[in-house]
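Have a look at the structure below, then the notes.
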Amino acid sequence: MAGIKIGVFGAWRGNSYIRLFLEEEQIELVAICDKNLNELDDLENESDELERVAKFTDFDEFLSEGKKLGMNAVFLANYFHQHASYAIKCLEAGMNVISECTAAATMKECVELVECVERTGKKYMLAENYPFSTSNIMLNHLVESGKLGTLLYAEGEYNHSGTNEELARLTPGKYHWRAWMPRTYYVTHAMGPLMFATKAMPRYVSARAAHSDLLYQIRDWRHNYDGCAIMFCEMDNGMIARFTGCTAMASDYSRYRVVGDIASVECGGNIGSDMVRLFYFNHTKPENEENESFIKADIGEPDESAQKAKSAGHGGGDFRVVQNMIEYFLNGVDPFFDVYRSVAMSATAILGWRSCLNHGENLLIPDFRKKEERDFVRNDDLTPFPDENGNGITLPCALPYNE
Ligand SMILES: NC(=O)c1ccc[n+]([C@@H]2O[C@H](COP(=O)([O-])OP(=O)(O)OC[C@H]3O[C@@H](n4cnc5c(N)ncnc54)[C@H](O)[C@@H]3O)[C@@H](O)[C@H]2O)c1
């Protein structure tokens, strides 16, 4: 009998996970909720099993009816800026939660989410997948091996550009979050792999953004015309890190690099898929190593899992997120992106944007484990995102043009 009886909220991105959940013996998919159930059409043609899954268009009904069906966990793949409020509803209803990025869209929500997890004692994890691509896991192994010496610096980039047609498809509706999201906010794909590899937490952030003339041309329906934002963080292990949010730079899709005083490792960019580059100086190189080596990622995964990971998407990251969820929800193995690390990334993105708006001001990122640090931001609900009627915006979503 499946121990995890899961409901999926949001059936667009949710589709990818619905497929993966249907393949796992330990998971039973009991309910799906989306106000637009047409998102399921392609999937229903592929899978008869979906027929027996209860479907809802209203969230509250999904939660209460799902509970009657034994639902004990929810996968959140709803709108980017609404994860925290729905996570809280699910946790309060006794569900374990696995949430798409980002964990929270305001500082106030970061506090509320942490306190809800602590109060309810239910399980919460972020479904951040990029750290669990094959090459990022290999990068992590090399950093953990100690070959790099003292960790000094790490950098991460995540780029997602597209034609106007693609951007329009991804931005349905005048008040859709993708039309209003400042460039720092989608931080987890660039920052997550660096936190995973180095185990460091961000303490201070300073950031800058730059506008794109190409995006400025479509500002009437995509108001966030900055092409990139770069965040620069002091980390709690003494190293520094530089990373993007989601940028629209003409550059590689994603790339990551961790640098020590003895060696450095990098993946993504032009290194090759499932490959990691290891670099030493002559004077730091051990006798049995080359100055530069390109290492095929071997993460010791059984063949069957490696095969499943390969076909799941995002370099195997989606498959491994599901495996981490099974280990956490059924066997109590803590996930790397617990609620504290998850809100630390959200807070970096939120404060990073404040820093951009003030010429790179350096801002303290609260340690959300400490009540006194939560208290600094408990009532801070500034947001660049409108509600469904276009109200509620309290921050600009792009820098003043050309200033
Ligand atoms: N980790 C990844 O690689 C990855 C990839 C794609 C998307 N995402 C994340 O997944 C989330 C969803 O993104 P998306 O691409 O699916 O686009 P989206 O945000 O437009 O889709 C959200 C879906 O949820 C449904 N929904 C939202 N609120 C609802 C409500 N109150 N009641 C009923 N249905 C509701 C919408 O109808 C829609 O189908 C985002 O947070 C995004 O960042 C992550």
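Bear in mind these aren't lab numbers, they're just calculated from the coordinates by the rules spelled out. Because the structure is predicted, anything quoted here is derived from the model rather than measured. Backbone-built Cβ (ideal geometry, glycine too); neighbour counts: all protein chains shown.
Kindly establish whether H81 is within 15 Å of the ligand (Cβ to nearest atom), surrounded by fewer than 24 Cβ atoms within 10 Å (Cβ to Cβ) and within 27 Å of K308 (Cβ to Cβ). Spelling it out, it is not the case that H81 is within 15 Å of the ligand (Cβ to nearest atom), surrounded by fewer than 24 Cβ atoms within 10 Å (Cβ to Cβ) and within 27 Å of K308 (Cβ to Cβ).
Taking the range 176-199, which residues are touching an Asp or Glu at 6+ places or on another chain (Cβ under 6 Å) and part of a loop (DSSP other than H, G, I, E, B)? The answer is R183, and nothing else. The one condition from (1) of a type in the set (S, T, N, Q); (2) surrounded by fewer than 17 Cβ atoms within 10 Å (Cβ to Cβ); (3) assigned to a loop (DSSP other than H, G, I, E, B) that T383 does not meet is (2).
In the range 125-159, the qualifying residues are those that are within 15 Å of the ligand (Cβ to nearest atom) and part of a loop (DSSP other than H, G, I, E, B), and the one that is nearest to G14 (Cα to Cα) is A127. Every condition in (1) surrounded by 20 or more Cβ atoms within 10 Å (Cβ to Cβ); (2) closer than 19 Å to A105 by Cα holds for T134 except the one numbered (2).
Within the range 160-175, the set of residues being within 12 Å of the ligand (Cβ to nearest atom), farther than 12 Å from I218 by Cβ and touching a residue at least 40 places away in the same chain (Cβ under 8 Å) comprises H160, Y175.
Is it the case that some residue within the range 111-124 is out of contact with any Asp or Glu (no Cβ under 7 Å at 6 or more places or on another chain), within 14 Å of the ligand (Cβ to nearest atom) and part of a helix (DSSP H, G or I)? No - not one qualifying residue is present in the range 111-124. Among the residues of the range 39-63, write down those that are part of a helix (DSSP H, G or I) and either within 14 Å of the ligand (Cβ to nearest atom) or in contact (Cβ under 8 Å) with a residue 40 or more places away in the chain (or both). Passing the criteria: E39, L40, D41, D42, L43, F59, D60, E61, F62, L63. The requirement of being more than 11 Å from the ligand (Cβ to nearest atom) and touching a Leu at 6+ places or on another chain (Cβ under 6 Å) is satisfied by A93. Touching a residue at least 24 places away in the same chain (Cβ under 8 Å) and surrounded by fewer than 24 Cβ atoms within 10 Å (Cβ to Cβ), is that true of F196? Yes. A single entry from S305, S311, S342 fulfils the requirement of being out of contact with any Phe, Trp or Tyr (no Cβ under 7 Å at 6 or more places or on another chain), surrounded by 21 or more Cβ atoms within 10 Å (Cβ to Cβ), among the small types (G, A, S) and closer than 25 Å to K5 by Cα: S342.
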